[in-house]
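First comes the structure, then the notes that go with it.
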Amino acid sequence: MIANFGYGALIITFLVSLYGVGAAYYGMRQNKPAWVDSARNGMLLTFPLLSLSALSIVVLLVTDHYEVEYVASVTSRSMPMYLKITALWGGQAGSLVFWSWLMSAFASAVTLRKWDRDREFLPWVIVVSLTTLAFFLALNIFVENPFTRLWQFPSGQVVEKMFQPAGSSLFYPRDGQGLNPLLRHPGMIIHPPMLYLGFVSFVIPYAFAVAALVTGRTDDRWIRLTRRWTLWAWMFLSLGLVLGGRWAYDVLGWGGYWGWDPVEIAAFMPWLTGTAFLHSVMIQEKRGMLKQWNMVLVILTYSLVIFGTFLTRSGVLSSVHAFAQSAVGPLFFGFIGLTFVTSLSLLLHRWNDLKAKAEMTSMLSREALFLLNNLLFIGILVVCFWGVIFPLISELFTGQKVTVGPPFYERANGPLMAGLLLLMAIAPLSAWGHSTIKTLGRAVWKPAVVAIVAVLAVIAAGIVNPYALIGIFLTALVIAVTLYEYWRGALARGKRHGESFFVALWELVKRNRRRYGGYIIHLSMAMLAIGIIGIEIFQSETQGTLSQGESLTLGEYTMSYQSLAVFDAPDGRNVARAVVSVNKNGKPVGELYPRRDFFYDSQQPMTIPGVRSTIEDDFYVLLVDWEEISTNSATFKVYHNPLVKWMWMGSWVFIFGTLIAAWPEADTDPVPARNRKRASVPAKA
Amino acid sequence: MMRYSRLTMVNLLSIMRLVFLMAVFFALLVPGAALAQDTDPDAPTDDEVNAIAREMYCPVCENVPLDVCGTQACAQWRALIREKLNEGWSEAEIKAYFVDQYGARVLAEPPRQGLNWLVYVVPPIAFLAGAYILYRGLQSWRQIEPVAVADEPPQQGEDILPDDYVARLEEELRRSQQ
Amino acid sequence: MTEVEDKTVAEETQTSGGPKWGRMAVWGGLLILLTLLALGLRRTQQGPVGPGQKAPAFVLTTFDGQEIDSADLAGKVIVLNFWASWCKPCEQEAADLETAWQYYQARGDVLFLGVDYVDTEPEAMAYLNKFNISYPNGADLGTRISQAFRIRGVPETYIIDQDGVLSHTQIGPFTSLSQITAVIDPLLGQ
């Protein structure tokens, strides 16, 4: 029986994980490498084992095994195949298995690397990874079992149990309840997996950090081992966030992509510390400074991952939705406590060993600017963290709930983000160790002229909003500086080696992929900023009730209501689909089909916008309401979202840049080795 | 963005409870309800109503602004805003009325009073404290190496860079500019 | 964690070994955070107030402007019903509740109270008229009563005995008149 098989695989993986933790620890204590190797093999085994378990769920899902409670709660017969598969992460129990499966993939992958030079890290990496994995598996096995079946007693009573209670027989519901409509979107194929990948993959850098702390080998070795893992983890997390924004924009029907919802912020917080880490780690590599701080950032990032998962899964944050009361909460709380306390103890224990001689020769040096960058990221983190946690405090102390919503976050984070843009523009021009106003000024004036020209052009176009102008100036500066860096780098190299410009550019990037990949990421962030400025500052909206043939005007756009059809779709939806024709400056530019889906099985409505998206702006139409039967009139809400497409284009650039920066290199370049020597000297002094 | 994660918890409910609660929280907006406005030219427009509603949150659909929430409860709230506007109330008066009726949680931000001041005060203080600490750190690090490298010619400054590549690149750049 | 971050930065800038106050502050910050989470978690895990617990005190201002204070109601059985006009399941039980009220009203020791959750007054009045509801009803001002009872949705009904102790909670609508009387009668010694 598939359910039993999948459950068995879960339990075996759980036992293997526990064994691995014990064997690794024992082998390390007794200095018996064979035990550590055995633990390593165990860790390698978790991935295939969990694959079997996850596959069992998928098989149950696609073959309509509604006697399995999880299957009944997230699928229904009318759902298309791809949604039945994605229902694996459509509910708590399944998504926990999916989560563990991804984590085991990373754990297995990390066993496959060459460990010759870092044997002493191995047992601790195993202990940390497998303890975490065992915890998540325990949640599945003891609390949120996806293989629980429905059993019916002769009296008619139906219970959920893994194994057959005496006197009962399997209960087969005719159909399932279907997936939450919000999740019935192609974006859901990719968004949760990316986000989960980003989350779980941070366990690897964390495991290395703990290994370094426990073994006392706190030189730069662990940093170099983990930085690429961190980059990958960060890329997945970033993509998860962007895809989530895209999904919200396409599905939630409120004209936006980001609502500063606590659950969104929970995913955003580790991204902030992860990004801060990716920058400050360079200071450690180049200058041997900030060892303590980097350790703090890695631990903080992982803690925020666990914390965010706890917030989303325990229902602490929003008690109206907390009807999904789950026993996961207390267990998770215990795990968070364990993680936080252990990490902090280790960190404080090794605090003095992590001390490095710091030298800072110039307030404008790149390391000083990177520190400022870290300050801003942590500032945003504090704002987010406080905004999320405050309603909890308020409710506990005053008994009254409060909402901390977008105005708070936007006001507090806006200036910090502008500061980050400014740093993104200046820091690439500053040198390590040494920079002065003069050297910096010499480098920045050309891009600054370009940026000022861009602002003047925008003013000439009639835009005078000061915030927008500041934002445009900074964004233009970032783009100009980044391109200028490529240009002058390639030019200089070309001159030196007698290469043509493009050959020189290619060689330049090839020889320092992390730096130039990073610059591409900066460009993508500038594109993201363009989109954000467009939608945050220049979004306009209107709403109106139209009779057939009437039209509604917003800016240059005019939409007219043509017709509306209400019909039942084969997958259990009642669809009300309007046809509106859109004119821009009097010229027809096509038709849009905003609609309202009503899902019978979950009794839930969904508002799907009709969007015309161009590089310049999006015209976004929502069907709010309509006159029943006659459909003579309908109410539409329309948004004009300038430049928002730049966000989605920016994310492609972002992927490209991260791939350049993170792609494994064939040769191990000698530069870091020298760095290490230099960096470790002050540490020992 | 991850809004769904909370909503997926819906899936955990037993069948009975799901049907019941879903009906409660996602009661479908009855089509036609909002169409029954009078055509009085002085009547508040949808846009005027939405301008107020977009900064409010109704407890029935948490974290979704009132202007786009599709539940019946929210539709009623918007109708109420329209009615108050029609009676000549100002935005501030309407918001105050809603706070009286439903509590401070309807506002997008906590009102600035009592304990709520903490929301606004803590982040700037924390940020300033962080900035001060960073400043002190930079100061003390400079004192460790008090040699005024900044006054030396750039070449020497560049030479101490551990990163050969950057140094080389920088040097190349300097030459190219000469 | 706000504190934690700042303090760790602070420690880093110390030139001598990790200062004691720094460690204390970090541990203190962590402790506060975990306590907050624990309290928040307990709150969500609790669910609505349950039978056997003392009913929270409340003041209900009815639509007629009358103030009903739970402190003045000792000695009576109180049927506290949370509802809203936008709530479809509430309509299932509305008529039964009114019939039950008619049945008990004459005795004088049973009081039905309706608390209108997150609702607008005109629609609420229309709802009350539609079902001819005659027992006192009022808006849940500031959602204070619903928060005190930690309701999770509407309809929910709380039966409070003569000593102010909850004897029964009904999550979701009553499905029949007999279901209502079955939870009230035992309290009246019948």
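The values are calculated or read from the model by the stated rules, or taken from the named source; none is laboratory data. Being a predicted model, the structure only gives us computed values, none of them experimental. Glycine gets a Cβ as well: all are built from the backbone with ideal geometry, and neighbour counts include every protein chain shown.
Taking strands (runs of 3 or more DSSP E) that do not extend beyond the range C:108-190, which have at least 3 residues that are hydrophobic (A, V, I, L, M, F, W, C), without any contact (Cβ under 8 Å) to a residue 24 or more places away in the chain and touching a Cys at 6+ places or on another chain (Cβ under 9 Å)?
In the range C:108-190, there are no strands (runs of 3 or more DSSP E) which contain 3 or more residues that are hydrophobic (A, V, I, L, M, F, W, C), without any contact (Cβ under 8 Å) to a residue 24 or more places away in the chain and touching a Cys at 6+ places or on another chain (Cβ under 9 Å).
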Checklist entry - Is it true that some residue in the range A:265-279 is in contact with a strand residue (DSSP E or B) (Cβ under 6 Å, 6 or more places away or on another chain), within 14 Å of another protein chain (Cβ to nearest Cβ) and buried (at least 24 other Cβ atoms within 10 Å of the Cβ)? => result no
Item to check | Which listed residue is part of a helix (DSSP H, G or I), out of contact with any Gly (no Cβ under 7 Å at 6 or more places or on another chain) and within 9 Å of chain B (Cβ to nearest Cβ), from A:F370, A:F397, A:F377 | outcome: A:F397
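Quick one: which of A:V68, A:V21, A:V36, A:V74 is at pLDDT 95 or above and either within 30 Å of A:F121 (Cα to Cα) or in the same structural domain as A:Y172 (by TED's automatic domain parsing) (or both)?
A:V21
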Next on the checklist: Yes or no: the range C:133-148 includes at least one residue that is out of contact with any Asp or Glu (no Cβ under 7 Å at 6 or more places or on another chain), buried (at least 23 other Cβ atoms within 10 Å of the Cβ) and more than 15 Å from C:L60 (Cβ to Cβ).
Outcome noted: no
Next on the checklist: So A:G198 ticks every box in (1) of a type outside the set (S, T, N, Q); (2) within 14 Å of another protein chain (Cβ to nearest Cβ); (3) under 16 Å from A:H65 (Cα atoms); (4) buried (at least 22 other Cβ atoms within 10 Å of the Cβ) but one. Which box is left unticked?
Outcome noted: (3)
Checklist entry - Does the range B:112-128 contain any residue that is at pLDDT 90 or above, more than 19 Å from A:V388 (Cα to Cα) and either more than 9 Å from chain A (Cβ to nearest Cβ) or out of contact with any strand residue (DSSP E or B) (no Cβ under 8 Å at 6 or more places or on another chain) (or both)? => result yes
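Could you list, in sequence order, the residues of the range B:48-81 that are among the basic types (K, R) and either in contact (Cβ under 8 Å) with a residue 60 or more places away in the chain or within 11 Å of chain C (Cβ to nearest Cβ) (or both)? Working first, answer last.
Let us first name the residues in the range B:48-81 that are among the basic types (K, R), namely B:54, B:78.
The answer is B:R78, and nothing else.
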Checklist entry - Just to be sure, is A:F408 more than 9 Å from chain B (Cβ to nearest Cβ), of a type in the set (F, W, Y), surrounded by 21 or more Cβ atoms within 10 Å (Cβ to Cβ) and within 27 Å of the chain's Cα centre (by Cα)? => result no
Checklist outcome for this item: Counting only residues that are small (G, A, S), closer than 29 Å to C:R43 by Cβ and touching a residue at least 12 places away in the same chain (Cβ under 8 Å), the range A:360-417 contains a total of 3
Item to check | Evaluation of C:Y158 against (1) within 14 Å of chain B (Cβ to nearest Cβ); (2) within 12 Å of the chain's Cα centre (by Cα) (one fails), failing number | outcome: (1)
Checklist outcome for this item: Counting only residues in the range A:244-261 that are free of Cβ contacts under 8 Å to residues at least 60 places away in the same chain and not in a loop (DSSP other than H, G, I, E, B), the one farthest from the other protein chains (Cβ to nearest Cβ) is identified as A:A248
Next on the checklist: Looking at (1) surrounded by fewer than 15 Cβ atoms within 10 Å (Cβ to Cβ); (2) outside the structural domain of A:W35 (by TED's automatic domain parsing), which one does A:P192 not meet, given that it meets all the others?
Outcome noted: (1)
Next on the checklist: Quick check on this structure: which one of C:Q147, C:Q170, C:Q190 is away from chain B (no Cβ under 14 Å) and at pLDDT below 90?
Outcome noted: C:Q190
Checklist entry - So which helices (runs of 4 or more DSSP H) are wholly in the range A:118-237 and hold at least 1 residues that are modelled with pLDDT under 85? => result A:187-201
Checklist entry - Does A:A504 satisfy the condition of being under 37 Å from the mean Cα position of the chain (by Cα), touching a residue at least 12 places away in the same chain (Cβ under 8 Å) and within 13 Å of chain B (Cβ to nearest Cβ)? => result yes
Next on the checklist: Looking at A:Y467 and the list (1) within 14 Å of another protein chain (Cβ to nearest Cβ); (2) under 31 Å from the mean Cα position of the chain (by Cα); (3) over 30 Å from B:L115 (Cβ atoms), which single condition is not satisfied?
Outcome noted: (1)
Next on the checklist: Tally up the residues in the range A:228-275 that are more than 28 Å from A:L372 (Cα to Cα) and among the hydroxyl-bearing types (S, T, Y), please.
Outcome noted: 2
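Looking at C:G22, C:G28, C:G50, which one is modelled with pLDDT under 85 and either within 29 Å of C:L187 (Cα to Cα) or away from chain B (no Cβ under 14 Å) (or both)? Walk me through it before giving the result.
Values: C:G22 fails: either within 29 Å of C:L187 (Cα to Cα) or away from chain B (no Cβ under 14 Å) (or both); C:G28 fails: modelled with pLDDT under 85.
It is C:G50.
Looking at the range B:88-108 only, could you name the residues that are among the acidic types (D, E) and at pLDDT 90 or above? Working first, answer last.
As a first pass, look at the range B:88-108 and keep what is among the acidic types (D, E): B:91, B:93, B:100.
Scanning the range B:88-108 gives B:E91, B:E93.
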Checklist outcome for this item: Filtering the range B:87-134 for residues that are hydroxyl-bearing (S, T, Y) and surrounded by 14 or more Cβ atoms within 10 Å (Cβ to Cβ) leaves a count of 3
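Any idea which of A:S76, A:S100 is in a loop (DSSP other than H, G, I, E, B), crowded, with 22+ Cβ neighbours inside 10 Å and out of contact with any strand residue (DSSP E or B) (no Cβ under 8 Å at 6 or more places or on another chain)?
Values: A:S100 fails: in a loop (DSSP other than H, G, I, E, B).
Result: A:S76 is the single residue among A:S76, A:S100 that is in a loop (DSSP other than H, G, I, E, B), crowded, with 22+ Cβ neighbours inside 10 Å and out of contact with any strand residue (DSSP E or B) (no Cβ under 8 Å at 6 or more places or on another chain).
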Checklist outcome for this item: Filtering the range A:103-128 for residues that are surrounded by fewer than 24 Cβ atoms within 10 Å (Cβ to Cβ) and among the polar types (S, T, N, Q) leaves a count of 2
Next on the checklist: So in the range A:523-549, with the set limited to residues that are surrounded by fewer than 22 Cβ atoms within 10 Å (Cβ to Cβ), assigned to a helix (DSSP H, G or I) and of a type outside the set (A, V, I, L, M), which one is nearest to the chain's Cα centre (by Cα)?
Outcome noted: A:E536
Checklist entry - Among the residues of the range A:86-95 satisfying the criterion of being touching a residue at least 60 places away in the same chain (Cβ under 8 Å) and part of a helix (DSSP H, G or I), which is farthest from A:H185 (Cα to Cα)? => result A:Q92
Next on the checklist: I need the full set of residues from the range C:66-122 which are on the phi > 0 side of the Ramachandran plot and in contact with a Phe, Trp or Tyr (Cβ under 7 Å, 6 or more places away or on another chain), in order please.
Outcome noted: C:V118
